[in-house]
Structure formats: C-alpha cells, structure tokens
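Visitor: One structure, pasted below without further comment.
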Amino acid sequence: MSEEQKREKADAAAAEEQKQAKADASTKPSGDQAEAASSEQPASDSVKAGSAGEQASDTAKASVSQAPVREAVASEDAPAKSDASGAEARSGGAKAAGGEAPEAKPAPAAAPMSGEPTAAPGADVAKAGGAGEPPGGYAAAKTAAPQAGAEGAQSREAAAGGSEPGAEARKPRAAKAAAGEPGDAPEAERAAPSDAEKEAKAKAAAEARAARANARAAKAEGAEPEAPKEPSPNQPLLDRLVAILKEFRADAVEEAFINEKDGHIPYVIVKAEAWPDVAELLRTHGELKLNYLRNVSGVDMETHMEVAYHIISLETKRNYCVKVKTDRESPSIPSVTPVWPTANWNEREVYDLFGIEFPGHPDLRRIMMADDWVGHPLRKDYEPLDPEV
C-alpha cells in the first residue's frame, strides 16, 4: 500500500471520529438545566460524566471495529498507533461530556513498510574515494584527466620540435643501405648461409666422416687380439639361421654375429638384392616361422646407410635381426611390405627421415614431414633450408 493511500485512510478515520464526537455533543442538556442538575446532584453528574466518557469510548471502539477502512489501517500500522487512536477517542468523549468540542488533529505519518526504499543517512555526502575508485573520487579523476592529456600533448609537441630518439640511429643505417653496404640486417637474414657456405660445410662433413671411418679401421687393424670369450647362449640359433640361409642362397649372407649389448640377439647382414626372397623364406620356413615384424629402423653410418628389421616368431618366441646395407648417395632397399604388412608405415618413416627408397612399396610418401619439405632430418649431412627451424 502506498503512502498516499495510507494517508487517505487515516483522514477518513479521523473524520469519522469527529463526526461521532459531534453527535455525542448534540445530546447534551442546555446550560441552565446543566447548572441546576449540577447543584442538585453533583455526585450524580460525576457519575454521568464518567458514564458519558465510557459511552463515547465504547462508541469510538465500536466505530473502529465496524469501519473496514479503519481496520485496514490499524492492521498495517504499528500497535502503538492503535493505542494512541483509542486514547484520543476516550479523551474526545470526555471533552464532549464536559461541553468542549474535540479538536481535529492531523493523522500521523504512516511508518514505511518493510521492503520500501529509504534514503540512507549520509547518502548526500560526496564520495571521497572507495574500493576500486581513484584517489579523491571520480570527480577528482575527471579533473585530472584533461590535465594529463594537456601534458601529453605538450610532450609530443616537444618531441616533434626536437629529434626523435631513434632518428639518429636510423640515419647511419639508411646511409649504409644507400651505399650498398651490408648494414645491420636482421639476425635471420645474416644467419642464412650462401651456396658457397653450404658447399663448404658439406665438404667438411664428408671429410670428418672419412676421418672417423679411417680411425675406426686403423683401430681395428692395430688392436691386439682379445682373449677368447665364452660362447653366447644364442650362438646355436645364429649358426642354424646362417645354415638355412646359405642352403637357400649361398651368397645371401654378408656377415653374422651375436649382439651381446642387445640381449644376445642373433644378427645377420643380408645383401639388398637377395632381401625380398630371404624375407619370404624367414616367414614361411617351418623351423623359423618368423611371422611378425616388430620394428624397422634406419641408420646413417656416414659411409653407408643401413636398415634393421627386428623379427620374432609368435610360436617359438625367438628374436632375430636382419640388416640390409645400401649406398649413401642413392639409397634403395626392396620393400618387404608384401611379406610383412607392418613394414608399410615403418618404411615410410625411414624414407621420410633418411631418404631411403623402398621399391615395391604400395604407398611410399612422407609420413611425418610436409610433402614439400626439403631434405631428410635424420641424415647426418642434413642442412635445414630455413636456419630458424
């Protein structure tokens, strides 16, 4: 309920009380009769006056209980206001009995209801800067902003009038560029090698590889004979593998040994031209049954390239490794993907990173680097086209 509706209801209730008081005053006897009655029966008049006051109070209470508007106001206002209204009604009744007309009093302002907006004390005080506000409040910040803008404009004008900080540094570079001198080029441009530098690096790398190979050969020739070692537990497996391969093709095996550092796995080196037939024999032979190709790895030996095939028999659980050598300038080894399908992606990876061709592969293309990538990153003579990569 709004304040205006409350005031209208309070005014209506006050008017009803005033009307009731006038009606009670009209029933009072004339002055002479009142004086005679007063002189004859003072005690009775006092009793009557009290009775009249009580009757007026009862009438006011009845009017309060019977008037729906008064009841609505009393139900919404505080209990203290209801008691004050009853006290005013009783006072009015007593004044009417004494011959005095009650004075009409303005209705008190209704107390605000809970939930209605009220002005907080001190709300009209200007802020001096709170949490998240600039020092001195927003008003001070607005005043300081134009001053900061003016100072910035003055500093820019002063800089425009004088020399810029980088102007002196740019002049020598511009002069060098006009004269055709190298100048201060970016690091990436200066780091990019020329064709002559690339050729020199490739020549130096080739000489270093040859020197290391000669050193290894000289060490092997001049090394003292080692004491005989105990035979490897897998030596019988290697001997049997070599015998089977020589029975199949006498010139197929170039070298055979036990790799002690790799768990005594039997290793054989097979010629590249014989490799497809040897691979088919290893898979179908009744004694070997090497039916699963575990891994294919490429190796850059600087003097030549190698590809190592790790094969296992899922029935006998025996492991073997076959190596195939190829030329470094134009490396090529026949594909064994038709024999072991797991060689498909492995051979593609070796081709991508080492540049070894696999004739007979169903889909030989790069698998890791982009199709337009220049060179093969795992070769020891690899030179990146972009020095920043």
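The values are calculated or read from the model by the stated rules, or taken from the named source; none is laboratory data. Since we're looking at a predicted model, the values are computed, not measured. With ideal geometry, Cβ positions are generated from the backbone for all residues, glycine too; neighbour counts draw on all protein chains shown. Only protein heavy atoms, including side chains, enter the accessible area calculation; ligands, DNA and RNA are left aside. Shrake-Rupley method; radii C 1.70, N 1.55, O 1.52, S 1.80 Å.
Visitor: Could you check region 237-269 and list, in sequence order, the residues that are of a type in the set (A, V, I, L, M), under 55 Å from the mean Cα position of the chain (by Cα) and open to solvent by less than 20 Å² (accessible area, probe 1.4 Å)? Walk me through it before giving the result.
Guide: Of all residues in region 237-269, those of a type in the set (A, V, I, L, M) come to 237-238, 241-245, 250, 252-253, 256, 258, 265, 268-269.
Remaining after also requiring under 55 Å from the mean Cα position of the chain (by Cα): 258, 265, 268-269.
Correct list: 268, 269.
Visitor: Now, a different point. Take residue 306 and tell me if it is without any contact (Cβ under 8 Å) to a residue 40 or more places away in the chain, surrounded by 15 or more Cβ atoms within 10 Å (Cβ to Cβ) and of a type outside the set (S, T, N, Q).
Guide: Working: without any contact (Cβ under 8 Å) to a residue 40 or more places away in the chain: yes; surrounded by 15 or more Cβ atoms within 10 Å (Cβ to Cβ): yes; of a type outside the set (S, T, N, Q): yes.
Yes.
Visitor: Can you pull out every residue in region 242-257 that is in contact with a Pro (Cβ under 9 Å, 6 or more places away or on another chain) and assigned to a helix (DSSP H, G or I)? Reasoning before the result, please.
Guide: From region 242-257, those in contact with a Pro (Cβ under 9 Å, 6 or more places away or on another chain) are 242, 256-257; that's our starting set.
Answer for region 242-257, where residues must be in contact with a Pro (Cβ under 9 Å, 6 or more places away or on another chain) and assigned to a helix (DSSP H, G or I): just 242.
Visitor: Now a separate question. Go through (1) farther than 19 Å from residue 270 by Cβ; (2) part of a loop (DSSP other than H, G, I, E, B); (3) under 46 Å from the mean Cα position of the chain (by Cα); (4) not acidic (Asp, Glu) and name the single condition residue 361 misses.
Guide: With (1) farther than 19 Å from residue 270 by Cβ; (2) part of a loop (DSSP other than H, G, I, E, B); (3) under 46 Å from the mean Cα position of the chain (by Cα); (4) not acidic (Asp, Glu) applied to residue 361, the lone miss is (1).
Visitor: Among the residues that make up region 337-346, is at least one of them touching a Ser or Thr at 6+ places or on another chain (Cβ under 9 Å), assigned to a loop (DSSP other than H, G, I, E, B) and farther than 25 Å from residue 239 by Cα?
Guide: no
Visitor: Need pairs with beta-carbon distance below 8 Å; first residue over 23 Å from residue 274 (Cβ atoms) and among the aromatic types (Phe, Trp, Tyr) and within region 355-376, second assigned to a loop (DSSP other than H, G, I, E, B) and open to solvent by less than 50 Å² (accessible area, probe 1.4 Å); sequence gap 6+ or separate chains.
Guide: 373/366
Visitor: Further, regarding this structure: Do any residues in region 197-220 that are within 13 Å of residue 380 (Cα to Cα) have Cβ atoms under 6 Å from those of residues that are open to solvent by 50 Å² or more (accessible area, probe 1.4 Å) and of a type in the set (Asp, Glu), where the two are at least six apart or on different chains, and which pairs are they?
Guide: 205/381
Visitor: For region 323-336, which positions are of a type outside the set (Gly, Ala, Ser) and assigned to a loop (DSSP other than H, G, I, E, B)? Even if it seems obvious, please write down each step before you answer.
Guide: In the first step, residues of region 323-336 are kept if they are of a type outside the set (Gly, Ala, Ser); the result is 323-329, 331, 333-334, 336.
Across region 323-336, the qualifying residues are 327, 328, 329, 331, 333, 334, 336.
Visitor: Would you say residue 366 is basic (Lys, Arg) and not in a loop (DSSP other than H, G, I, E, B)? Walk me through it before giving the result.
Guide: On the way: basic (Lys, Arg): yes; not in a loop (DSSP other than H, G, I, E, B): no.
Taking the combined requirement at face value, the residue does not satisfy it.
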